[in-house]
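Values quoted throughout were computed directly from the atomic coordinates according to the rules given, and no laboratory measurement underlies them. Quick caveat: nothing in here was measured; it's all calculated off a predicted structure. We place every Cβ from the backbone using ideal geometry, glycine too, and count neighbours over all the protein chains shown.
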Amino acid sequence: MAKKQLITVKVNGREREAAVEARLLLVHFIRESLQLTGTHIGCDTSHCGACTVVLNGKTVKSCTMFAVQADGGEILTVEGLASSAGQLHALQEGFKQEHGLQCGFCTPGMLMSSYALLHSNPNPSEEEIRWGISGNLCRCTGYQNIVSAVQHAAAKMAKAGSEANLAEGVAK
Amino acid sequence: MIYKTSPEIGGMGHSVKRKEDLRFIQGKGNYVDDVNLPGMVYGQVVRSPYAHARINSINTEKAKAVPGVLAVITGEDLAKANLAWMPTLSYDKQMVLATGKVLFQSQEVAFVVAEDRYIAADAAELVEVDYEELPVLVDPNKALDSGAPLVREDREQKNNHIFHWEVGNREATEQVFQSAEVRASVKAFFPRCHPAPLETCGCVADFSRATGRLTVYLTSQAPHAHRTVLALVGGIPENNIRVISPDIGGGFGNKVPVYPGYVCAVVASLTLGVPVKWIETRSENLQSTGFARDYHMMAEIASDRDGRMKALRVKTLADHGAFNATAQPTKFPAGLFSICTGSYEYAQAFCEVDGVYTNKAPGGVAYRCSFRVTEAAYLIERVVDVLALELKMDPAELRLKNFIPEDKFPYKSSLGWTYDSGNYEGAMKLALDRIGYQELRKEQAEKRKKGELMGIGISSFTEIVGAGPSHDFDILGIKMFDSCEIRVHPTGKAMARMGTKSQGQGHETTYAQIVAQELGIPAGDVTIEEGDTDTAPYGLGTYASRSTPTSGAATAVAARKIRDKAKKIAAYLLECNENDLEWEPGKFFVKGAPSKSKTIQDIAFAAYTNFPPGMEPGLEAVDYYDPPNLTFPFGTYICVVDIDQGTGEVKVRRFLAVDDCGNIINPMIVEGQIHGGLTEGLAIAFMQQIDYDESGNVQGGSFMDYLLPTAVETPHWETDKTCTPCPHHPFGAKGVGESPNVGSPAAFVNAVVDALSHLGVKHIDMPITPWKVWKVLQEKGVAA
Amino acid sequence: MALKIEKTFEVPEPVEKVWAFLSDPRMVATCVPGAQITAQVDEKTYKGAIKVKVGPSITDYTGEVQIVRLDTENHEIEILGKGQDVRGRGSASMKMTGTLRALDNSGTEVRSVSEIGVVGILAQMGSRVITEVSNIMFGEFTKNFQARLKEPSDDPAAPATGADVKPIKATAVAWQATKGLFRGKSESGS
């Protein structure tokens, strides 16, 4: 039996601990050890992006990392996007409103890549969105409605942001 | 009569947001690889590195000795249970695990079962196979030569010829060609490509020793058909098999065949009594599962000098790989290829197809092809453009001159199909107008003077879907009807199940909309289920754009049966005669006294609590729909390209798709389908090919080489529509899923050729890579 | 998948000494990383084995090496090697022509033209990996060749390499492949 190492990772806000083989891929750790099956596997050459998660603030393709490399880190998966009360993230709303998914298999990866994109660029142009999700392949949608979904979310988040600022301003 | 429903009810024509989205956006989809059963183990296939080789021996001892390995199965083991071979969907047979020899690179040779997938992978590396290489056949044009390597030693017929199929009148067509004023021809190759849905194929086979039942979670577009095949192949009673297609991450025809991995997993589970999961990798998916196309085609048109087309002649060589594993209706070994007369009238036509074996992966019918319709539509739209060049005629004008006129429908083509309805001129004129065709031609003329390369490509396709009527269509003998079962609950909500299986088409929403349309029950109150063979009525599944034409029709018919019964209950409740009642979506009311009404919800409650004496209680219906004909969606696509003379890169500047699929259930969903299909067409036209070198090594066996467009390469798609209802469908719909992949490759290729036609270029085969274009530019002296 | 690779290098030794070495497959094998001649079948045919390690991936080929043509006067040798992966993952063949030319500085120019055919999983990687792995192996070969020529060369049976092969680093291959994209097809064939 291969030697196992104990790793600790914070996933969607919760500390998780597990004994894993050094060669266990991060995506298998997420899907099987943690039973978070929202993150998907779509290829074996790191091209498709279905396995995209956010690790320590940056998107990574979890199929191209070992779980041990995430030790001590913080991961956000698609299951962590909605609030703990179940309120959907603006991106999730956007994908639904704009028909940004069909079979749903690429969707978690798309959501995580878009999430990271909007964090670094809250008001992206269409071209910036397309580049931002160029690491995620989709066979069903042709990307057009995914772009609309991200734009929908960006507008919603901007509005919520300015409303929050307004409220703050009034409170002051 | 199609009633208008309110947005709250959400019947036909409403862009109702999808119900299935809720779980997908939260990462709570249930795909086969998400299935996790207690005691589950993992299988991995060991594959052949050779395209053609004899197996001298297989040594599994080292693999078996790895701790955590439960079994290593070979073809020899399966042969003992008569399972080394299995039937294909085309009445051929296919090796489950190789015995005797291997016939294509990546063919399944052994199956390792272990406690986790890493151990299975370790053990798979230790399986030792002693091969003796044999000469390889990869060129289908050589398959029928006398010295060609024989691929299939198991057949009685000792050659590589699978079938010859022809339709039309050879002699009469020949006569027309003899006297033709103009003849134009093209040799067009439709390369082997692969649908590559984002989710690969796989299954969890779970045989329970406690219940004697086999449950198979399967990536299947046709769960019932697969259940029947498993029963026939495995000898397990069909009532003890349950196939569950949960959420499917894209199908596009890739998930119609039965793959050796499935059979191995089932055998392993039966033997070990535990659930066995097998999920293939992307490389395995590209290299061994059902490929698409690989048609070497030749078309010739006989025309008069004014561009009136008279006859069409087509000859095709079909490369089927090592086994004929295409999913085809029995009578149609080349599928519906004889739709190759397209949107045009031909006094005479003749079409012949020969299928051959080669040392390549089996398959052929996949990738949104509508049973070979993609090949046919591409061919006719290419050769019509070649004729236009020959005649020095505008390609739009040539098409308009030859379209089947609207008043000739139903139209019987010279190759035997009765087209239901069409208005080709309407779609074409809308497209030309919206794209600004005349201005574009002017711009092209200006650019040509400056030595710039710009092209406009038109594709006016007619396709054929909705297989199909029982007198002509069956797969392995099972007729191609489909079904729907609806049950209305006392509180007025409903549940409906169908024999089809969505892989992203949005059935949970669109089928609910059909029920909403017919019964006035809000779509949000109707739950749709598909994919569990224990509960869903028997159907042939979802592919070839058949769901709306078959199950959609069954849903409407079943709903109407319910409405008929509801009317009787309403009459009873309103104490009047049935004939005094009128219907509007959601309620029956007395003619002339609209306040005397009963809603469908009132009626549903009454069906359980207060129904007429002597009437059977409850409110449900089943319909098995045998379509009277196929349906014929059509459209005109126009593509505008600019060619970079330095790199040979083709930039799609604009692409307009005008589609006509009859009456539409959900416009948002139809538009999404068009976007997706056009993107696949773009990929096929410009960047995809599964090729084999002379030793039979697969080139294009992973995403490193088999390219999928990203959001960056994919242009913005413009869509529009015309509506010519289907006269024989309950609500006039035709189906549309495959149209964009059927119609678009020709539009792309026609555009590129159009950009270069003034330099003498008549045809360029797909995939039109920058390298290919650059070579042409060099040759013609116009490279930057 | 067929690849043509041409390599030319110099050794500071006289041409006859180099020829004596080059015309004996048993001697040549001692310079190829991971290779060994295991038996001699007849005057022109030998049985051999080669272990190629790229990163964690190991391929063991066994097969035959045959001297197709030996032209002592013009110092030209043509050999044909064919091998199969022992685990049944593929096969490879190589036809190599080696030509010697005496140089003015009393050294020798060695020119080799190899045609390599690969069948199997490795071939799917295409010329990318195969060319770069070949380049790296050839680099090792040249080093070993020059070193062995310097040593007293009586014992043909002692392989310089064989059982403990230093694996070719996958990163080295990747780096070479990337560089190759930019330097163009200068030395290696395509």
Which of A:Ala18, A:Ala90, A:Cys51, positive extreme of dipole for chain A (C-beta unit charges): A:Ala18
Could you give the size of the charge dipole of chain B about its Cα centre, using +1 on the Cβ of each K and R and -1 on the Cβ of each D and E, expressed in debye and rounded to the nearest 20? 920 debye
According to the square roots a ≥ b ≥ c of the eigenvalues of the Cα gyration tensor, what is the shape class of the range B:1-147, taking rounded for a/c under 1.5, prolate for a/b larger than b/c otherwise, and oblate for the remainder? oblate
Hey, how much of the P(r) for the range B:391-527 falls beyond 24 Å, as a percent of Cα pairs? 61 percent
Distance in nm between label sites at B:Lys450 and B:Lys28, each 7 Å beyond Cα in the beta-carbon direction? 5.7 nm
Provide the per-residue ³J(HN,Hα) series for the range A:51-60, in order, calculated from phi with Karplus coefficients 6.51, -1.76, 1.60 and θ = phi - 60°, each as a whole number of Hz, with x at glycine and proline positions. 9, 5, 9, 9, 10, 6, x, 10, 6, 9
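Suppose R0 equals 22 Å; then what is the FRET efficiency for B:Glu166 and B:Leu144 from their Cβ-Cβ distance, rounded to the nearest 0.05? Before the final figure, lay out the partial values.
Values: r = 16 Å, r/R0 = 0.74.
After rounding, the FRET efficiency stands at 0.85.
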Nitroxide proxy distance, nm - points 7 Å out along Cα→Cβ at C:Thr72 and C:Val113: 2.5 nm
Filter the GluC sites (Glu not before Pro) in the range B:374-463 down to the DSSP loop ones having no more than 13 other Cβ atoms within 10 Å, then list what survives. none
Tell me whether chain A comes out rounded, prolate or oblate; compute the Cα gyration tensor, take square roots of the eigenvalues as a ≥ b ≥ c, and use a/c under 1.5 as the rounded threshold. oblate
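How would the range A:96-167 be classified by its alpha-carbon gyration tensor: rounded, prolate or oblate, with rounded meaning a/c under 1.5 and the a/b versus b/c comparison settling the rest?
In terms of gyration-tensor shape, prolate.
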Between B:Ala121 and C:Glu10, take the C-beta separation as r, use R0 = 35 Å, and let me know the FRET efficiency to the nearest 0.05. 0.15
On a C-alpha basis, how far is the centre of the range B:655-671 from the centre of the range B:408-458 in Å? Whole number, if you could? 18 Å
Run through the DSSP bridge list for the range B:480-586 and note the antiparallel percent, rounded to the nearest 5. 50 percent
Taking the Cα centre of each part, how many Å lie between the range A:114-168 and the range B:312-349? 45 Å
Mean separation of Cα contacts under 8 Å (6+ apart) over length of the range A:4-80, as relative contact order %: 39 percent
FRET efficiency for B:Leu270 and C:Lys143, Cβ-Cβ distance as r, R0 = 60 Å, nearest 0.05? 0.60
The range A:56-98 versus the range B:570-645: alpha-carbon centroid distance in Å: 43 Å
About the Cα centre of the range B:1-119, what is the dipole size in debye to 20, counting +1 per Lys and Arg Cβ and -1 per Asp and Glu Cβ, all else neutral? 260 debye
